[in-house]
1. Would you tally the residues in the range 133-145 being buried (at least 18 other Cβ atoms within 10 Å of the Cβ) and either basic (K, R) or under 21 Å from C319 (Cβ atoms) (or both)?
2. Considering only the range 50-82, state which residues are outside any loop (DSSP other than H, G, I, E, B), of a type in the set (S, T, Y) and exposed (fewer than 15 other Cβ atoms within 10 Å of the Cβ).
3. Exactly one of these conditions fails for P169: (1) in a helix (DSSP H, G or I); (2) without any contact (Cβ under 8 Å) to a residue 40 or more places away in the chain; (3) farther than 17 Å from P4 by Cα. Give me its number.
4. If I filter the range 87-101 down to residues being of a type in the set (A, V, I, L, M) and touching a Leu at 6+ places or on another chain (Cβ under 7 Å), which single residue comes out as farthest from H10 (Cα to Cα)?
5. Consider V121 against the criteria (1) part of a loop (DSSP other than H, G, I, E, B); (2) touching an Asp or Glu at 6+ places or on another chain (Cβ under 6 Å); (3) more than 28 Å from P310 (Cα to Cα): it satisfies all of them except one. Which criterion is unmet?
6. Name the residue, out of E148, E172, that is surrounded by fewer than 18 Cβ atoms within 10 Å (Cβ to Cβ), among the charged types (D, E, K, R) and within 14 Å of the chain's Cα centre (by Cα).
Amino acid sequence: MKSPARVTIHDSQFPENVRRDLLVSLRTRRVNHKFHYDSPRQTQQWLALHQAYSPSRNDASCAATYDLAFEQAARHLTARRVHVLGLGCGGGQKDTRLLKLLKAAGKGVSYTPCDVSTAMVLVARQAALAVLPDKSCFPFVCDLATAEDLPAALLSRQPTLVTFFGMIPNFEPSAILSKLSALVRPRDFLLFSANLAPGGDDAAGMAKILPQYDNALTRDWLLTFLLDLGVERSDGTLEMGVETGGSGLKRVVARFRFHRRRRFQIESKSFEFRRGEVIRLFFSYRYTPSRVRQALGRHGLSVLQEWVTPSGEEGVFLCARP
């Protein structure tokens, strides 16, 4: 029998705060991305989508780029013991490859898989247990967007390698980079990946990557949020497109446009969407390597090394304080 999992739940994911964030999402017509990972069903949908469309799963050169980044990053870690903090850990596959490499190098390693989804954290924990003992794994559930005490909650006395793979596109840049910067002390490192707009032409680059989002698996995953609230598929259409965000970066955006009136209730709160109204379900920014460096620099972080996949669609960056 498998051992029980001990999971720490940050108060940002306590029921009253989740309820507050849900009401804000519906009132502003802008869904907090965490609600797409809320249930075990959504977790499984996302894992299937990631398996089908993620370049790290379907492009051997992309996986090789990550492995090279892991090897080079490990060389910067001179401490005998290191804490790997996997923010937005997802299924934990990338973190586990990194953990295995660090352990093979003779490091004493501990791991905190951290995600907004309890189900996702448990999946990442299970992956990591193939490399680490249970006593060295500390699953942590929190909402990175709303938690204000992350350094106190997550940092240990050991030097920390913060990983943040594939998550930065789903946050407004200034908001998430300030959170990441606060987690990187002078002796720590940040290793993260960003989805990139390939080529020199933004429009052509975005058109190339749009099918990774505009597909049946993504649509089903995003619509689950509305369907669970009582919205029906026939109430409207999911519109997927490209726009320029407030930061000047291009992003893929998904909105549901209502074709007929729909009303539903959450406890004592009533919400009504009229014909023609839209609710933004999702967005994903696309960076360039130079924009990554500029954005990090504004938050006190420097890029020590970077690795870009041959397709130009994904980049991995090792960062630290100057």
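1. Residues that pass the stated criteria total 1.
2. Once the filter is applied, which keeps residues that are outside any loop (DSSP other than H, G, I, E, B), of a type in the set (S, T, Y) and exposed (fewer than 15 other Cβ atoms within 10 Å of the Cβ), the range 50-82 yields only S61.
3. (2)
4. Initially, the range 87-101 is screened for residues of a type in the set (A, V, I, L, M), giving 87, 98-99, 101.
Next cut, touching a Leu at 6+ places or on another chain (Cβ under 7 Å) only: 87, 99.
Values: L87: 14, L99: 24 Å.
Among them, the one singled out is L99.
5. Result: V121 fails condition (1) only.
6. After ruling out the rest, the residue left standing is E172.
One line per residue, one yes/no per condition, for (1) part of a helix (DSSP H, G or I); (2) among the β-branched types (V, I, T); (3) in contact (Cβ under 8 Å) with a residue 12 or more places away in the chain:
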residue	(1), (2), (3)
D220	yes, no, yes
M240	no, no, yes
A254	no, no, yes
R263	no, no, no
L281	no, no, yes
R286	no, no, yes
S290	yes, no, no
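Bear in mind that the values in this text are calculations on the coordinates, not laboratory data. Everything numeric in this text was worked out from a predicted model, so none of it was measured. All Cβ positions, glycine included, derive from the backbone under ideal geometry; neighbour counts span all protein chains shown.
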